[in-house]
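Colleague: Attaching a single structure in structure tokens format; questions to follow.
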Amino acid sequence: MKVSADFSALKRTKWYEYAVRFLLGGSVTVVAGLLAKYYGPVLGGLFLAFPAIFPASATLLDKHERQKKQRAGIKQTTRGRQVAGVDAAGAALGSLGLATFAYIIWKLLPVWNVAGVFIAAGVAWLSVSVALWWIRKKHGSHSSK
């Protein structure tokens, strides 16, 4: 599968789909904040690594793919679930990158300056996420060669 961006999808997305993403993402963030308040920043930080808009994105991807197939006259399709599954795999890989980011912030912020820590954490997040994506692409069971 080739990674690409389709900005025309922004026009096709309905206002309520943005609202659902916003509400679910905000809810996950509030839960992470409450966990941090009552159980400490380590636990709260772990929940911030959760891809906050993933649940809404997965269901909307499935819905959009089903609608696209219905417009083409195809009654049954598993394409929506497949697209949501690819999105889930990407979210899992991204979560590992975010967990790396959080770990570096947690460990280095007390001993380094803020700018240096954020730069190091950002580079680590990008490196881990890209490396995991590359490994999955080259060695995963669903890789397209």
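Where a number appears in this text, it was derived from the coordinates with a stated rule and is not lab data. What you see is a predicted model, and the numbers here were worked out from it, not measured in a lab. Cβ: placed from backbone, ideal geometry, glycine included. Neighbour counts: every protein chain shown.
Colleague: Pick out, in residue order, every one of the chymotrypsin sites (Phe, Trp or Tyr not before Pro) in segment 6-44 that is DSSP loop and has at most 14 other C-beta atoms within 10 Å; say none if there are none.
Modeller: Passing sites in segment 6-44 are Phe7.
Colleague: Would you mind checking Lys14/Lys137; Lys11/Lys68; Lys11/Lys138; Lys14/Lys37; Lys11/Lys137 for any pair whose Cα atoms are more than 26 angstrom apart?
Modeller: In this structure, Lys14/Lys137; Lys11/Lys138; Lys14/Lys37; Lys11/Lys137 exceed 26 Å between Cα atoms.
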